[in-house]
Amino acid sequence: MIMAKAKPLEEILSYLEGFQRILVLGCNGCVAVCEAGGLKEAEVLASALRIQNMQAGDRRDIQELSLTRQCDKEYLAELKDKMDNYDAVVSLACGAGVQFMAEMYTEKPIFPGVDTCFIGVTEEQGVWTERCQACGQCILAETGGICPIMRCAKRMMNGPCGGSEKGKCEISVLVGRDVDCGWHLIFERLKKLGQIGRFAEPALDKDWTLSRDGGPRLIIREDVRP
Amino acid sequence: MRLSYPTNIRIIKVPCTGRVAIIHLLKAFEKGADGVFVAGCLEGDCHYQSGNLRAKKRVAYARRLLASIGVDPERLAMYNLSAGMGPRFAEIAREMTAKIRELGPFLQPSGRTAAPQATAA
């Protein structure tokens, strides 16, 4: 799922200067699971903005709503009759949702309420970690189900670099916590699976045009199109 | 025990402070409370094991949230006491009320007197 974290309130407040009628719009998809942008978080943000507003002696109208998802037009369309009531929207969806809102409601400023972080998993309640960078050409079959593109800061394709020490990546120093070397993990896993032969042959060149190098990506499925 | 404590406190009962969400704390301020305190069981004595510890974290989070919107975080507090500590409850109620009175009304300008709200479990 897509993981996000709430933006600092001060930043959100700075976007909203000069707007009177504000909608805080949650998304009940991924960002609700990582407790950054669902209905619960939309309610808290709207309430905090109202308190700030009361303190400042303003008479802004701040409301909250949450859509099933903000990455599908049919859910965004639910707002069609309501958008006239607002001057600006703070969307708590991921970057995709914010942009889709902005594309559908071109007359209204749509501000992001969260920082979209990564595609990841829930390790435990309150702890989320990255797993996928959506490179467009999955190589997990050759790497024991551990992704070197996401794990390795250098995106090495054929084993660890010289910065790998005792199973940890050299960026550990930079980020201030122990980061596993992806290739160390892959080696250990392939050893367990009896697939160590993978290292005898270099990996085929990766087509990075399927990743970000190819610009914005697109999937068209004629079989499922109406 | 016929203990007396400030009459401007409104008590909102919850089964356990673990039920108290951030939004409940904020709503109290939105509805005009000048201060809020959460009265949970003693740490280690939660009937549901960790309800009061969860509440402690949420109160801490809400205090940071309040600070970021310019509200003195001292207006929100958590206390721990058992159901058998009536005198302590009255004492906390007086203590909190005095603190909020010192901070003054939450909204400016306002002629209202301080009215701290309490959430007890």
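The values are calculated or read from the model by the stated rules, or taken from the named source; none is laboratory data. Keep in mind the model is a prediction, meaning the values are calculated, not measured. All Cβ positions, glycine included, derive from the backbone under ideal geometry; neighbour counts span all protein chains shown. What goes into the accessible areas is simple: the full protein's heavy atoms, side chains included, and nothing from ligands, DNA or RNA. Shrake-Rupley method; radii C 1.70, N 1.55, O 1.52, S 1.80 Å.
For region A:9-135, the calculated P(r) over all alpha carbon pairs, in 10 Å bins from 0 to the bin holding the longest distance, is 13, 45, 31, 11, 1 percent. The mean number of Cβ atoms from other chains found within 10 Å of a Cβ in peptide A:40-48 is 5, as a whole number.
Report, to the nearest whole %, how much of the accessible area of the protein assembly as shown belongs to carbon and sulfur atoms, 1.4 Å probe, protein only.
Carbon and sulfur: 52 percent of the exposed surface of the protein assembly as shown.
Over chain B, with the other protein chains present, what is the accessible area per residue in square angstrom, probe 1.4 angstrom?
Ligands and nucleic acids excluded, the figure is 54 Å² per residue.
For the chain pair A and B, the buried solvent-accessible surface (1.4 Å probe, both sides summed) amounts to about 1300 Å². Considering all different alpha carbon pairs of chain B, the Kirkwood hydrodynamic radius works out to 14.5 Å. Within region A:135-202, the percentage of alpha carbon pairs spaced more than 18 angstrom apart rounds to 34%.
Please enumerate, by chain and number, the aspartates and glutamates with C-alpha under 14 Å from the C-alpha of A:Lys7, excluding those fewer than 8 residues away in the same chain. Straight-distance partners of A:Lys7: A:Glu35, A:Glu41, A:Asp115.
Taking max minus min of the alpha-carbon positions on each principal axis, region A:92-226 gives extents of 56, 41, 27 Å, largest first. Net charge near A:Asp180: determine it from the other residues with C-beta under 11 Å of the C-beta of A:Asp180, scoring Lys and Arg +1 and Asp and Glu -1. Within the 11 Å Cβ shell, the charges total +2. When the listed pairs A:Lys166/A:Lys191; A:Lys108/B:Lys27; A:Lys108/B:Lys31; A:Lys40/A:Lys82 are checked against a 19 Å cut-off, the alpha-carbon distance exceeds it for A:Lys108/B:Lys27; A:Lys108/B:Lys31; A:Lys40/A:Lys82. Taking the chain by itself as reference, region B:65-92 contains these residues with an accessible-area loss of 50 Å² or more in the full protein complex (1.4 Å probe, heavy atoms): B:Ser68, B:Ile69. For B:Lys99, a cut-off of 15 angstrom between C-alpha atoms picks up these aspartates and glutamates, skipping any fewer than 8 places away in its own chain: B:Asp34, B:Asp72, B:Glu74, B:Glu91. Our helix-only sum for chain B, with -39,500 (n - 2.57) per DSSP H run of n ≥ 4 divided by its residues, gives a mean residue ellipticity at 222 nm of -12000 deg cm²/dmol.
With the alpha-carbon atoms of chain A aligned to their principal axes, the span from lowest to highest coordinate is 68, 47, 27 Å, starting with the largest.
For chain A, the longest piece that avoids every one of the GluC sites (Glu not before Pro) found in DSSP loops with at most 13 other C-beta atoms within 10 Å covers A:108-226. Over all other residues within a Cβ to Cβ distance under 15 Å of A:Ala134, the charged ones net out to +3, with Lys and Arg as +1 and Asp and Glu as -1. Within region B:1-43, the residues that become at least 30 Å² less accessible when every protein chain is included than when their own chain is isolated (1.4 Å probe; DNA, RNA and ligands ignored) are B:Ile23, B:Leu26, B:Glu30. Taking the Cα centre of chain A as reference, the dipole from Cβ charges on Lys and Arg (+1) and Asp and Glu (-1) amounts to some 560 debye.
Protein heavy-atom accessible surface, 1.4 Å probe, per residue over chain A: 58 Å².
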